[in-house]
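Notes for the one structure printed next.
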Amino acid sequence: MKPKEIERWKKRRDGGMLRFIGLAGVLAWGVPMFVAMTFFVPHPKLSVPECAILWLCAGGLYGAVMWFVQEHRYRKAMEASGD
C-alpha cells in the first residue's frame, strides 16, 4: 500500500467494519447493481423485491470481502514498515 492509501484506510477503518460494509458494499455497490440489473438488464424470473434482496445481500458480501482484503493489505504494509 502507498502512504496515501494507508492514511485513507486508517480513516475508513476507524468508522468500523459494519459502516464500511454498509457504505462501500451495500450503498456504493449493491444499490447501483440493483438499479442496473433490475431496470436496464431485467431478469425474466425475478421480481423487483427479489432483485433488491439479491443485490443488497451481494453488496453486503462484496463490502465484507473488500474489508478483509484491505485489512490484509494494511496489516502487511504495517509489518513491512515495522509499525
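Taken together, the values in this text are just the output of simple stated rules run on the coordinates, not laboratory data. The shown structure was predicted, so the numbers you read here are calculated from the model rather than taken from an experiment. FYI the Cβ positions are ideal-geometry reconstructions off the backbone, even for glycines, and counts take in every protein chain you see.
So which residues in segment 56-75 are among the hydrophobic types (A, V, I, L, M, F, W, C) and either over 10 Å from W29 (Cβ atoms) or free of Cβ contacts under 8 Å to residues at least 40 places away in the same chain (or both)? Steps first, answer last, please.
First, pick out the residues of segment 56-75 that are among the hydrophobic types (A, V, I, L, M, F, W, C): 56-58, 61, 64-69.
L56, C57, A58, L61, A64, V65, W67, F68, V69 - these are the residues of segment 56-75 that are among the hydrophobic types (A, V, I, L, M, F, W, C) and either over 10 Å from W29 (Cβ atoms) or free of Cβ contacts under 8 Å to residues at least 40 places away in the same chain (or both).
Does segment 54-83 hold any residues that are over 19 Å from L18 (Cα atoms), surrounded by 12 or more Cβ atoms within 10 Å (Cβ to Cβ) and of a type in the set (G, A, S), and which are they?
A77
Need the failing condition index for K11 against (1) basic (K, R); (2) free of Cβ contacts under 8 Å to residues at least 12 places away in the same chain; (3) surrounded by 11 or more Cβ atoms within 10 Å (Cβ to Cβ), just the number.
Result: K11 passes all but (3).
Give the residue that is nearest to K4 (Cα to Cα), with candidates limited to residues of segment 45-83 that are of a type outside the set (G, A, S) and assigned to a loop (DSSP other than H, G, I, E, B). Don't jump to the end; show me each part of the working.
Taking segment 45-83 first, the residues of a type outside the set (G, A, S) are 45-46, 48-51, 53-57, 61-62, 65-76, 78-79, 83.
When the remaining residues are screened for being assigned to a loop (DSSP other than H, G, I, E, B), the result is 45-46, 83.
Working: K45: 45, L46: 42, D83: 16 Å.
The extreme case among them is D83.
Which of the residues spanning segment 24-47 are closer than 28 Å to E71 by Cβ and free of Cβ contacts under 8 Å to residues at least 40 places away in the same chain? Even if it seems obvious, please write down each step before you answer.
Residues of segment 24-47 closer than 28 Å to E71 by Cβ: 24-34.
Scanning segment 24-47 gives V26, L27, A28, W29, G30, V31, P32, M33, F34.
Kindly evaluate F39 against the criterion of being farther than 18 Å from H72 by Cβ and surrounded by fewer than 15 Cβ atoms within 10 Å (Cβ to Cβ).
Values: farther than 18 Å from H72 by Cβ: yes; surrounded by fewer than 15 Cβ atoms within 10 Å (Cβ to Cβ): yes.
It is true that F39 is farther than 18 Å from H72 by Cβ and surrounded by fewer than 15 Cβ atoms within 10 Å (Cβ to Cβ).
Suppose we keep only residues that are charged (D, E, K, R) and within 14 Å of the chain's Cα centre (by Cα) within segment 6-23. Which one would you say is nearest to C57 (Cα to Cα)? Reasoning before the result, please.
First, the residues of segment 6-23 that are charged (D, E, K, R): 7-8, 10-14, 19.
Then drop every residue that is not within 14 Å of the chain's Cα centre (by Cα), which leaves 12-13, 19.
Working: R12: 21, R13: 21, R19: 15 Å.
Per the criteria, the residue is R19.
Hey, M1 hits all of (1) part of a helix (DSSP H, G or I); (2) touching a Lys or Arg at 6+ places or on another chain (Cβ under 8 Å) but one; which does it fall short on?
(1)
Do you know which of the residues in segment 1-58 that are aromatic (F, W, Y) and touching a helix residue (DSSP H, G or I) at 6+ places or on another chain (Cβ under 8 Å) is nearest to A80 (Cα to Cα)?
As a first pass, look at segment 1-58 and keep what is aromatic (F, W, Y): 9, 20, 29, 34, 39-40, 55.
Still in the list and also touching a helix residue (DSSP H, G or I) at 6+ places or on another chain (Cβ under 8 Å): 9, 20, 29, 34, 55.
Working: W9: 16, F20: 25, W29: 31, F34: 39, W55: 37 Å.
This residue is W9.
Given the conditions (1) free of Cβ contacts under 8 Å to residues at least 60 places away in the same chain; (2) in a helix (DSSP H, G or I); (3) loosely packed, with under 15 Cβ neighbours inside 10 Å, which single one is not true for I21?
(3)
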